[in-house]
1. Whole-Hz ³J(HN,Hα) for each residue in the stretch 132-137, computed from phi via Karplus 6.51 cos²θ - 1.76 cosθ + 1.60 with θ = phi - 60°, x for glycine and proline: what do you get?
2. In whole Hz, what ³J(HN,Hα) sequence does the stretch 23-39 give by Karplus (6.51, -1.76, 1.60; θ = phi - 60°), x for Gly and Pro?
3. Rounding to the nearest 10 and keeping the result within 0 to 90°, find how far the Cα-based axis of helix 66-85 lies from the longest principal axis of the chain.
4. Work out the length of the dipole vector of the chain about its Cα centre, built from +1 on the beta-carbon of each Lys and Arg and -1 on the beta-carbon of each Asp and Glu, and round it to the nearest 20 debye.
5. Write down the accessible area per residue of the chain in Å², having rolled a 1.4 Å probe over the full set of protein chains.
6. Whenever you get a sec, compute what percent of the accessible area on the stretch 1-143 sits on carbon and sulfur atoms (1.4 Å probe).
7. Assuming 0.36 nm per residue, please report the length gained on full extension of the stretch residue 149 to residue 11 beyond their Cα-Cα distance.
8. What does the charge count near residue 132 come to, summing +1 for each Lys or Arg and -1 for each Asp or Glu among other residues with Cβ under 15 Å from its Cβ?
Amino acid sequence: MTVAAHQPGEEIEFPWHTESSFNCFGCSPHNPIGLKLRMRRLSNGDYTAETVFSEDYASYPGIVHGGIVQVLLDEVMGDTLALVHGMLAFSVTLRSRMLLPLRVGIPYTTTARITGRGHGVLHTEAEITGPDAETHVMAGGTFQPIRSDQARTLMDLDEAAFGRVRHYFDHGTGES
């Protein structure tokens, strides 16, 4: 399943933001301590989010905590899958190479794309660049689409909530 195309450059409103039970640390505008990421589609089909981290996300003074950087990568790659294929997926693996530290107060751009599929999973890549376009982090991820039974059990969705989001599950990976 491929969802409706987003126009390049337009900010994308995630349809699950209206669900009160979805309080995603990465993308929910309702999570008071979350990143509140906003995604855009690039003209080449990649998806991107801009982020400026506050001191709340620091490890060493002025340096963004590496775990938060991993959350950012995981979120942008996972949201890319949701936007392209209309599915929600769990990350199975996330590999990154930190080339340069991220600093608080500096704008960073995270860009992700889907690179393949096979054996029941989807593969993604992403990079985080600074304002000078220098690459700070490169990453690859593997994601498994969420099945309805997993969503009901793990997400503790009641019948009404599940009914509103059920179309995000049971997509598979499009393998033949």
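The values are calculated or read from the model by the stated rules, or taken from the named source; none is laboratory data. Keep in mind that what you see is a predicted model, and the values were worked out from it rather than measured. Glycine gets a Cβ as well: all are built from the backbone with ideal geometry, and neighbour counts include every protein chain shown. Each accessible area value is taken on the protein alone, full model and side chains, heavy atoms only, with ligands, DNA and RNA left out. Shrake-Rupley method; radii C 1.70, N 1.55, O 1.52, S 1.80 Å.
1. Per residue, the Karplus-derived 3J(HN,Hα) values read 8, 6, 7, 6, 9, 9 Hz.
2. Rounded to whole hertz, the list is 10, 3, 4, x, 10, 6, x, 9, 7, x, 10, x, 7, 6, 5, 10, 9.
3. So the inclination is approximately 40 degrees.
4. That gives a dipole near 240 debye.
5. 52
6. 54
7. 46.5 nm
8. So the environment of residue 132 carries a net charge of -2.
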